[in-house]
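Let me give you the structure first, and then I'll get to my questions.
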Amino acid sequence: MDGQHDDHRVDANGRSQEEREGPLPKRPRPLLASLSAAEIAEEFSHHDPQVARVNNGSFGCCPASVVSAQIRWQRLFLRQPDEFYFRHLHPSIDRSRALVRQLINAPHLDDVSLVDNATTAAAIVFQNVAWSFMEGVFDRGDAVVMLHYAYGAVKRSIKAYVGRAGGHVVEVALPFPLSSPDEVVAEFRRALELCRADGRRVRLAVIDHVTSMPSVVIPVKELTRICREEGVDQVFVDGAHSIGNVEVDMQDIGADFYASNLHKWLFCPPSVAFLHTRHSSAAGRRLHHPVVSHEYGNGLPLESGWIGNRDYTPQLVVPTALEFAERFEGGLEGIRRRNHERVVEMGRMLAAAWGTQLGCPPEMSCSMIMVGLPSGLGIASEKDAMGLRALLREEFKVEVPIYYNKQSPDEDGEDKIGAAAVTGYARISHQVYNVAEDYYRLRDAINKLVRDGFNCTLLPSKEQR
Amino acid sequence: MAESSSPAAQTLALTSQPSVPGMDPHHQDDCPENGLGRGNGETNGPPAKRSRPTPPLSPITAAEIAEEFSHHDLSVARINNGSFGSCPGSVLSAQAVWQRLFLRQPDAFYFNHLQPGLLRSRAIVKDLINATDIDEVSLVDNATTAAAIVLQHVSWAFSEGVFHKGDAVVMLHYAYGAVKKSIHAYVARAGGHVIEVPLPFPVSSNEEIIREFRKALDLGKANGRRVRLAVIDHVTSMPSVVIPVKELTKICRQEGVDQVFVDAAHAIGNVEVDVQDIDADFYTSNLHKWFFCPPSVAFLHSKKCSSSAPCLHHPVVSQEYGKGLPLESAWIGTRDYSSQLVVPSVIDFVNRFDGGILGIRTRNHDKVVEMGMMLAQAWGTFLGSPPEMCCSMIMVALPGSLGVSSEKDALKLRSLLREEYRVEVPIHYHRPKDIEAGRQNGHSGVTGYVRISYQVYNTVDDYYRLRDAVHKLVNDGFNCGMLPSK
């Protein structure tokens, strides 16, 4: 990169070389053969080789070739930041947005913004709802509906913006374990019905595409359709985990707002996400980034494209991340499909080895799946779950998030064989760098704990840790 | 993402070593990436008081400085540190260590390293700015974000009836563009009345500023209104002058202004920053402009949330909501926090200079004044403010014959200088209010000013190149009217 001189000549459309190709050297055309196992290992050689990393869902991953591209962008900025700002930043963000638009089947580029993460996207949507309450567009007591398993930060955000501004927050109770999407649909309808009975207008429904903990795939298309039928004003799909994990089609799902992180399952470095707004949504045109810059009022894509001096390079390497995905057989879709097949296979292997069960049927999972942990471990609280997770990390070098399931089968009266005693679940992920050995190590770690008579009451208390 | 209780709730004792052996970015003396590891990189908590660092045995040499900034485009006369700042190679290397630590095992990073690292940085900042309590120090992306935090709070106060529609918020005419828009987006939208303090430019004394400020406060209080917030720049951006913030804040207190927000985006590493002395309610400054951090990191100083001090919130709400701004800002979802983590490495860097950061800013100021005077004399023009009202930046009038007649002209002339002369300098268009008075002052025809910066990597040659570029344009009879329209 150093020493490369820009080609200032312009083409027939008045676009310079940078505008056509970007300021980085063109990557060599991908080889016809897809990446070998050795090449994949090389791309992720910066991962801690000692760790069985079965938690791609939390922080994602970024292959070395994308990291290198990011460094080249960072160097370009540091070299001459004014030039970078006036010449390269805008067109490069637009290039990334254009690729995202294609990927998610969005009809208009103007509807695609890049933001830091889904947490930021949520703040954008909810701040707008708060203004609607403040400015009398919505009435005090109008409802906003969210799933009980909505992400913690999103729940907080709803309370901080919507609750504070006078909205009434309704949580849709969801059973877990789940046996079919119909259970989710039924609970959702019930929540909307409750609002109607209360005489409350539902102004916004916040629906996860893939819940975080416990992780299941929600039938967002159907729920969005139900929202339209039931007169819900706006639908926000929090798809933080979706892109690169499940199919994401804006026109098919039809939500007013849809956000997903590209650093989780789309190989981008931390952090970058997209927020899509439906073209016909009037509310969509009023969205603003909470960090106001001189771009205020020029539309969310431009507002998000400059929120003060920062490192925007994660947004700029989307083309490189997609090129990486294309080097796999079947591209991104192939990756998704194989991840899903493998995680189901590994999930079943673990459930069989532990004498437990999966948290949902395979068709409600994606590249992650919940696997019941042996009841003998005695997970009785979120603290226990965290403690066990830390123990697995430190003693066994296995990284896997653990979910404490508060729901007791006694309460709902169902008699699920084996489910009665399972209070903890491991959420395993499968991404291209994972190998079967990772899951055998998890299997064996748990089996050892059980054999040794381990129980969460044996975990050191907070003061001791 | 972590789904259970936050690690911020865990013990956050400052330790000198992180729990990953061999991976401490600040104490690996054997790692050539981390510079020499001398100086105040200690992480056992901040130094007891703001003592001057002991002079290094052998201060950094010119060659070493050049090496630290060898990633800059060396063909460019880079006299615009004010816009995007700069970051030395040793700090970039430290940043890379943090970034790799995250990529290696992000969960372990999140649970074990992130919060202690941020706490270390905050402790250093607290000491740098003479704050009394680390709970008053939050790290955010930039001053623009800090402004959004303060103004969102004001917005809620209007919306929730704590402030009344029509109550005023006062800001300077030369407030930064983004901040002005933020005031409009949060305050005006919620019913606040926005008053701009016109400021003279060129300016010759603090008294001129104080006079205009008092007038604006009187306006704000007219008709029984309250002035709820005064937004005061410590160092304005364009045109750049140092504002007497301590005095203006005192006037605000006397005049019953509820809260004072000092937007000091340029301040730290540039002018003295003593938050106790200035005594504003909110004070923010970017560490990536004049304090050698990579993009981007800033601090926001504000009193702890209490019955007498408002609860500020980060607009990006995470599970840390309600635990105080420092903790809210320390986790706003998965992101790269490495720029916030390298503050200790920056301390190591500045302490390689004679006099540390004070020595750097003193020399920067002296040099920029010297270079400013050199340019003004060479061009037959003048400075935009007296030397005592500038810092590491100064405004120098451009010859009137260049005919800068709009902001668009200023931007195009700037591009011309960048592309044809490889000189990077921002240009300010200033419409003279009173042409006759201007002519009497010898300011005849001047409508444009350059804002030159001086930072440790600059050499006098940079400013000779600017001088000669402008000379050539003048001699060639150049005029902005000749620039192609877009």
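The values are calculated or read from the model by the stated rules, or taken from the named source; none is laboratory data. The model shown is predicted, which means the values in this text are computed figures rather than measured ones. Using ideal geometry, Cβ is built from the backbone for each residue, glycine included, and neighbour counts are taken over all protein chains shown. When the accessible area is computed, the model is the full protein with side chains, heavy atoms only, and any ligands, DNA or RNA have been set aside. Shrake-Rupley method; radii C 1.70, N 1.55, O 1.52, S 1.80 Å.
Restricted to Cα positions, what overall size does the stretch B:325-408 have along the principal axes? Three whole-Å values, descending.
Cα extents, longest axis first: 52, 38, 19 Å.
Something else now. Of the heavy-atom accessible surface of the stretch A:245-357 (probe 1.4 angstrom), what whole percent is carbon and sulfur?
46 percent
Once the whole set of protein chains is in place, how much accessible area is left on A:Glu382, using a 1.4 Å probe, in Å² to the nearest 10?
80 Å²
With an 8 Å cut-off on Cα pairs and a minimum separation of 6 or more residues, tell me the relative contact order of chain B in percent.
Reported relative contact order: 20 percent.
Leaving ligands and nucleic acids out of the surface, order B:Asp135, A:Asp256 by accessible area at 1.4 Å, largest first.
Highest to lowest solvent-accessible surface, that is B:Asp135, A:Asp256.
Now, a different point. Using R₀ = 25 Å, calculate the FRET efficiency as 1/(1 + (r/R₀)^6) where r is the Cβ-Cβ separation of A:Glu229 and A:Asp249; round to 0.05.
After rounding to 0.05, the efficiency reads 0.80.
Oh, and also: Can you give the average number of partner chain beta-carbon atoms within 10 Å of each beta-carbon in peptide A:292-299, as a whole number?
For this peptide, the per-residue mean of nearby foreign Cβ atoms is 6.
Follow-up. So what is log10(I(q)/I(0)) for the protein assembly as shown at q = 0.05, 0.08 1/Å, when the Debye sum runs over its Cα atoms only?
Normalising to I(0) and taking log10 leaves -0.30, -0.79.
Another question, if that's okay. How do B:Lys181, B:Lys250 stack up against each other in accessible area, from largest to smallest, with a 1.4 angstrom probe?
Output order, biggest surface exposure first: B:Lys250, B:Lys181.
Distance in nm between label sites at A:Glu135 and B:Thr362, each 7 Å beyond Cα in the beta-carbon direction?
Modelled inter-label distance: 5.4 nm.
Quick check for me: using +1 on Lys/Arg Cβ and -1 on Asp/Glu Cβ, what's the dipole size of the protein assembly as shown about its Cα centre, in debye to the nearest 20?
I would put it at about 1140 debye.
I'm a student and want to see the number: the projected area of the Cα convex hull of the stretch B:145-273, averaged over all directions, in nm².
Averaged projected hull area, Cα only: 7.3 nm².
In the structure shown, do any of B:Lys367/B:Lys412; A:Lys155/B:Lys246; B:Lys215/B:Lys323; A:Lys264/B:Lys408 have a Cα-Cα gap over 30 Å, and if so which?
A:Lys155/B:Lys246; B:Lys215/B:Lys323; A:Lys264/B:Lys408
Let me ask something else. What does the convex hull of the alpha-carbon atoms of the stretch A:331-458 project to on average, in nm²?
8.0 nm²
Take every residue in peptide B:417-430, count the Cβ atoms of other chains within 10 Å of its Cβ, and give the average of those counts.
1
For the stretch A:423-465, what D do you get in µm² per second when you plug the Kirkwood radius from alpha-carbon pairs into Stokes-Einstein at 20 °C and 1.002 mPa s?
Using the Kirkwood radius from Cα pairs, D works out to 169 µm²/s.
Which Rg and Dmax, in Å, describe the Cα atoms of the stretch B:209-283?
Cα radius of gyration and Dmax of the stretch B:209-283 are 12.4, 42 Å respectively.
For a distance above 18 Å, tell me the whole-number percent of Cα pairs in the stretch A:245-289 that qualify.
The proportion of pairs with Cα distances above 18 Å equals 37 percent.
Over chain A, average the accessible area per residue using a 1.4 Å probe and give it in Å², no decimals.
Counting only protein heavy atoms, the per-residue value for chain A is 39 Å².
Can you compute the helix-only [θ] at 222 nm over the protein assembly as shown? Use -39500 (n - 2.57) per DSSP H run of at least 4 residues, normalise by all residues, nearest 500 deg cm²/dmol.
-11500 deg cm²/dmol
Would you mind working out the accessible area per residue for the stretch B:134-346, using a 1.4 Å probe, and quoting it in Å²?
Here the per-residue accessible area is 29 Å².
What Kirkwood hydrodynamic radius do you get for chain A when you take the inverse of the mean 1/r over all pairs of distinct Cα atoms, in Å?
23.7 Å
Using only Cα atoms, what is the ratio of the radius of gyration of the stretch A:276-410 to 2.2 N^0.38 Å?
Dividing the Cα Rg of the stretch A:276-410 by 2.2 N^0.38 Å gives 1.54.
A follow-up question, please. Give me the base-10 log of I(q)/I(0) for chain B at each q in 0.06, 0.07, 0.09, 0.12 Å⁻¹, Debye formula, one uniform scatterer per Cα, rounded to two decimals.
So the normalised log intensities are -0.29, -0.39, -0.65, -1.12.
Quick check: residue separation of B:Lys215 and B:Leu74 times 0.36 nm, minus the Cα distance between them. What number comes out in nm?
Taking B:Lys215 through B:Leu74 to full extension adds about 46.0 nm, to one decimal.
Rolling a 1.4 angstrom probe over the protein chains, ignoring ligands and nucleic acids, what is the accessible area of A:Lys264 in square angstrom, nearest 10?
Number for this one is 10 Å².
Taking θ = phi - 60°, what integer Hz values does the Karplus form 6.51 cos²θ - 1.76 cosθ + 1.60 yield along the stretch A:217-230, in sequence order, with x for Gly and Pro?
With the stated coefficients, the stretch A:217-230 comes to 8, 8, x, 5, 5, 5, 5, 5, 4, 4, 4, 4, 4, 8 Hz.
Average projected area of the Cα convex hull of the stretch B:356-482, in nm²?
Dividing the Cα hull surface by four gives the mean projection, 7.8 nm².
Calculate, in whole percent, how much of the Cα-Cα pair population of the stretch B:73-127 lies beyond 15 Å.
66 percent
Still on this model: Taking θ as phi - 60°, what are the ³J(HN,Hα) couplings along the stretch A:398-405 by the Karplus curve (6.51, -1.76, 1.60), each to the nearest whole Hz, with x for Gly and Pro?
10, 10, 8, x, 10, 10, 8, 8
If you take the accessible area of B alone plus A alone and subtract the pair, what total do you get in square angstrom, rounded to 100, with a 1.4 Å probe?
Buried surface at the B/A interface: approximately 6200 Å².
What distance in nm separates the two pseudo spin-label positions at A:Ala64 and A:Ala37, each 7 Å out from Cα along the beta-carbon direction?
With each label point 7 Å from Cα toward Cβ, the separation is 1.8 nm.
Further question on the same structure: On alpha carbon coordinates alone, what is the Rg over Rh value for the stretch A:54-157, Rh being the Kirkwood radius?
Ratio value, two decimals: 1.07.
Using +1 on the beta carbon of Lys and Arg, -1 on that of Asp and Glu, and nothing else charged, what's the dipole of the stretch B:279-420 about the Cα centre, debye to 20?
I would put it at about 140 debye.
Diagonalise the Cα gyration tensor of the stretch A:92-321 and give the resulting equivalent ellipsoid semi-axes, square root of 5 times each eigenvalue, largest first, whole Å.
28, 21, 15
Which of the listed residues, B:Ser86, B:Val140, B:Leu101, is farthest toward the dipole's positive end in the stretch B:72-142, when Lys, Arg count +1 and Asp, Glu count -1 at the beta-carbon?
Farthest towards the positive pole: B:Leu101.
Another one. Among A:Gly331, A:Tyr403, A:Gly359, which residue has its Cα positioned farthest towards the positive end of the charge dipole of the stretch A:331-458, with +1 placed on the Cβ of Lys and Arg, -1 on the Cβ of Asp and Glu, and the dipole taken about the Cα centre?
The residue sitting farthest along the positive end of the dipole is A:Gly331.
Still on this structure, I have one more. Quick one: dipole size for the stretch B:134-346, taken about the Cα centre, charges +1 on Lys/Arg Cβ and -1 on Asp/Glu Cβ, in debye to the nearest 20.
540 debye
Stick to the Cα atoms of the stretch B:52-148, pair each with every other, and give me the Kirkwood hydrodynamic radius in Å at one decimal.
When all Cα pairs of the stretch B:52-148 are included, the Kirkwood radius is 16.9 Å.
Along each principal axis of its Cα atoms, how long is the stretch A:110-160 end to end? Whole angstroms, biggest number first, please.
Result, largest extent first: 31, 30, 16 Å.
Tell me which of B:Gln377, B:Asn475, B:Tyr454 sits at the most positive position along the dipole axis of the stretch B:356-482, charges placed on C-beta atoms (Lys, Arg +1; Asp, Glu -1).
B:Tyr454
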